[in-house]
Amino acid sequence: MPSELVVVSLNVCTGLRNDLPPLRERAGALGLAMAEASADVVLLQEVWTRKALRVMTRSLPWLPHVAWTRGTLGGPAGGLVICARDPLGPARFTRFRGIRARRGSPAFRSRVLTGNLVRGVLSARLTRHATLLATTQLTSNSDGDWSAANRHHLVQRAQLTQLYAALTGPEPRILGGDFNISADGALYPEIVADGWRDPFAGDRRPTYRIECLPPDNTAHRIDYVLVNADPGSHRVTATDLLLTGPQLHTDHAAPLVRFTPDQ
């Protein structure tokens, strides 16, 4: 019988601009949601410090294999961590390089340049399924404008180019993350280019919580679990969104995909 592989992407929300309780008070609920979903892999974002890393890994005790690399602040590079039930190969962090904003104010361009000093993609090989796992977080777009004219568009397009260039190869690949790109925006076709498949394609449910947006804003699907593999492998058997209940444990819903790696 083919074995199932349950993959979740989770932004734990430790950014400076949020009103949620400290992560240590929310991690238990986040871990419980992952446990109830029987997650085999959790692809984490915004785990910026060693303390946050300890808090999150303690909340995921059935996922003992943890991949991350040390960033400039001592915590996980890019705030990115992979937790898995089965052994992982060495972690590799590829930082976005040379990406500058071509639009917007000088202050905006400076923020983008500074942010790209720490952003990138983390990858590690899941040995049991011979699959490359990866997690990422792109520059946040808080403008509510997902058109090609938006000041974030060229920055995020360049990040996508470097992201996928870092994940080339013949083996199956699963990528999760907070792309900060709307599924109904101008850049979505580039998310699903070059063999990448979106199991949630056509699903209009948002992944950013409307409660965390200013009044009169619209929530969008900006978090993804994508797969790039031969058609005969990594068949998607189910999708779900976790952490959508009334209580806020993070500002994102967590996309879950159930795969059958070998048909």
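So the values come out like this:
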| item | result |
| --- | --- |
| Residue list for region 117-146, restricted to those being outside any loop (DSSP other than H, G, I, E, B) and of a type in the set (Ser, Thr, Tyr) | Ser123, Thr131, Thr135, Thr136 |
| Candidate set: region 47-76, residues that are aliphatic (A, V, I, L, M) and buried (at least 23 other Cβ atoms within 10 Å of the Cβ); chosen: the one nearest to Ile174 (Cα to Cα) | Ala67 |
| Flag if Leu138 is aliphatic (A, V, I, L, M) and touching a helix residue (DSSP H, G or I) at 6+ places or on another chain (Cβ under 7 Å) | yes |
| Residue within region 236-244 that is free of Cβ contacts under 8 Å to residues at least 60 places away in the same chain, under 26 Å from Gly28 (Cα atoms) and among the polar types (S, T, N, Q) present | yes |
| Top-ranked residue in region 93-106 [being in contact (Cβ under 8 Å) with a residue 60 or more places away in the chain and buried (at least 17 other Cβ atoms within 10 Å of the Cβ); ranked as farthest from Leu60 (Cα to Cα)] | Ile99 |
| Residue within region 7-29 that is assigned to a loop (DSSP other than H, G, I, E, B), under 15 Å from Gly176 (Cβ atoms) and modelled with pLDDT of 95 or more present | yes |
| Odd one out for Leu213 among (1) among the hydrophobic types (A, V, I, L, M, F, W, C); (2) surrounded by fewer than 22 Cβ atoms within 10 Å (Cβ to Cβ); (3) within 15 Å of the chain's Cα centre (by Cα) | (3) |
| Test: residue in region 168-180 that is without any contact (Cβ under 8 Å) to a residue 60 or more places away in the chain, closer than 17 Å to Leu80 by Cβ and in contact with a Phe, Trp or Tyr (Cβ under 7 Å, 6 or more places away or on another chain) | yes |
| Subset tally (residues that are in contact (Cβ under 8 Å) with a residue 24 or more places away in the chain and surrounded by fewer than 16 Cβ atoms within 10 Å (Cβ to Cβ)) for region 33-46 | 2 |
| Checklist (1) of a type outside the set (S, T, N, Q); (2) in contact (Cβ under 8 Å) with a residue 40 or more places away in the chain; (3) closer than 23 Å to Arg197 by Cα; (4) surrounded by 19 or more Cβ atoms within 10 Å (Cβ to Cβ) applied to Tyr164, failing item | (2) |
| Contacts under 8 angstrom Cβ, first residue in region 193-212 being within 15 Å of Ile181 (Cα to Cα) and touching a residue at least 40 places away in the same chain (Cβ under 8 Å), partner assigned to a helix (DSSP H, G or I) and of a type in the set (Phe, Trp, Tyr), 6 or more apart | none |
| Test: residue in region 128-140 that is touching a residue at least 12 places away in the same chain (Cβ under 8 Å), under 18 Å from Val227 (Cβ atoms), more than 14 Å from the chain's Cα centre (by Cα) and surrounded by fewer than 20 Cβ atoms within 10 Å (Cβ to Cβ) | yes |
| Criterion violated by Val227 - all others in (1) among the β-branched types (Val, Ile, Thr); (2) without any contact (Cβ under 8 Å) to a residue 60 or more places away in the chain; (3) farther than 15 Å from Trp146 by Cβ; (4) out of contact with any His (no Cβ under 8 Å at 6 or more places or on another chain) satisfied | (4) |
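Residue by residue, here is whether (1) buried (at least 21 other Cβ atoms within 10 Å of the Cβ); (2) modelled with pLDDT of 95 or more; (3) within 20 Å of Asp40 (Cβ to Cβ) holds:
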{"site": "Pro170", "(1), (2), (3)": "no, no, no"}
{"site": "Gly176", "(1), (2), (3)": "yes, yes, yes"}
{"site": "Arg197", "(1), (2), (3)": "no, yes, yes"}
{"site": "Val227", "(1), (2), (3)": "yes, yes, yes"}
{"site": "Ser233", "(1), (2), (3)": "no, no, yes"}
{"site": "Gly245", "(1), (2), (3)": "no, no, no"}
{"site": "Ala253", "(1), (2), (3)": "yes, yes, yes"}
{"site": "Gln263", "(1), (2), (3)": "no, no, yes"}
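The values are calculated or read from the model by the stated rules, or taken from the named source; none is laboratory data. Just so we're clear, the structure is a prediction, and the values are computed from it rather than from any experiment. We place every Cβ from the backbone using ideal geometry, glycine too, and count neighbours over all the protein chains shown.
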